[in-house]
1. Scan the range 193-203 and tell me whether some residue there is modelled with pLDDT of 85 or more and under 30 Å from residue 335 (Cβ atoms).
2. Looking at (1) in contact with a helix residue (DSSP H, G or I) (Cβ under 8 Å, 6 or more places away or on another chain); (2) closer than 30 Å to residue 283 by Cβ; (3) surrounded by 18 or more Cβ atoms within 10 Å (Cβ to Cβ), find the lone condition where residue 158 falls short.
3. Quick one: residue 80 ticks every box in (1) closer than 30 Å to residue 315 by Cα; (2) modelled with pLDDT of 70 or more; (3) of a type in the set (S, T, N, Q); (4) open to solvent by 80 Å² or more (accessible area, probe 1.4 Å) except a single one, so which number is it?
4. Return a yes/no flag: does the range 309-318 have any residue that is open to solvent by 50 Å² or more (accessible area, probe 1.4 Å) and at pLDDT 90 or above.
5. Residue 169 - would you say it is modelled with pLDDT of 90 or more and either in contact with an Asp or Glu (Cβ under 7 Å, 6 or more places away or on another chain) or open to solvent by less than 70 Å² (accessible area, probe 1.4 Å) (or both)?
Amino acid sequence: MTDPAAAQGAVYRVPAQAIGCATPIATRHLSDGIVGAGCRHAGTAARWTLVQRDGDITALRRDDGRRERTLYFRTHDVTQVPASGMLARCWHWLRDGVASVRAALVAHSGGMGLGRYAHLVLAGGAVLLGWPVLCLVARWWARRRARAICAALIARHTETLRLRRRQLLGRNSYGVIKPEKWHRERDEFIATILRPALRTAGRAAQWPRIAPWVTARIEQAARGTPQRPDIVGPGMDPLEYEQYCAAELRHDGWQAETTVGSGDQGADIIATRRGLRMVVQCKLYSRTVGNDAVQQITAARAHYNATVAAVVSNAAYTRAARQLARTNGVWLLHHDELRDLAQRLKHGGAPAATA
């Protein structure tokens, strides 16, 4: 009796050294070391299709288009090839359709002498009907893989994208949001992170098709709720902002105190942690932070004999400020990054890396 779990037409792989026999009885004799006259090695065919399975005996037929007799194998000598996804389903659908057409041609050829042309007709029909379907599936699969690559990278950089969007979305004098700087940042992320990854994976040709989807995915990630709500807003004054930044550093394990307003020599906060001294300048701005802040904190580092110098702001930094910060080893940070600064310093993070 055929095993109901074995689907007829399933694909199997048979080792070349496996022995198949013309009858189930001869196959059972193989366990006793008896190789009958109707038994032979499977050969080099890579694919076989299931005819039926009866316990420890599996009947297979070569899946190479040739009309051959069914061979019976011991079940433990053969391996079923699992179907994988839409491509496998399309292949089985195409194969079953060709088999049906072939059977119909042979059945109706009768006395008209058409049987010898059946293979030629089938080959042409398979190309005409099957090739467009396979091309469509291949394009769908390539787009799916490209989207998966981009989605993984966006997920990895989600917090940075949220941070940069908050820094760069400004408003004009009338309260209207100005997204241009954020859009430039988004395009830079695409150009420097996503598209090189697609080229490395051999999926660069898919970019024009997935670009709208990727842009929408970045916007969705950047608009998400941050890990902690940002309490810094228009109603906070600069002194409150300094106190807020000092509290964030204390949460990170630093001993942080604000300096006196006058005569601070460019440092708003002096922080120490395990023998490490850091000077911090805080900038609560509605515009980008420029060179002056980097110059002042560089001088303050020398004045206070500190090891680390950092500028902290709610806003973004100009290109000139980033360049000067790299030259002088100054950290340019957003206030949300203060809580993990000690960990980044411990692991040798590069100054100005987040600017």
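The values are calculated or read from the model by the stated rules, or taken from the named source; none is laboratory data. None of the values given here were measured: they were computed from a predicted structure. Cβ: placed from backbone, ideal geometry, glycine included. Neighbour counts: every protein chain shown. When the accessible area is computed, the model is the full protein with side chains, heavy atoms only, and any ligands, DNA or RNA have been set aside. Shrake-Rupley method; radii C 1.70, N 1.55, O 1.52, S 1.80 Å.
1. Keep residues of the range 193-203 that are modelled with pLDDT of 85 or more, which gives 193-203.
Now drop any that are not under 30 Å from residue 335 (Cβ atoms), which leaves 193-194.
Yes.
2. (3)
3. (1)
4. Of all residues in the range 309-318, those open to solvent by 50 Å² or more (accessible area, probe 1.4 Å) come to none.
No, there is no match, as no residue in the range 309-318 is open to solvent by 50 Å² or more (accessible area, probe 1.4 Å) and at pLDDT 90 or above.
5. On the way: modelled with pLDDT of 90 or more: no; either in contact with an Asp or Glu (Cβ under 7 Å, 6 or more places away or on another chain) or open to solvent by less than 70 Å² (accessible area, probe 1.4 Å) (or both): yes.
So residue 169 fails the test.
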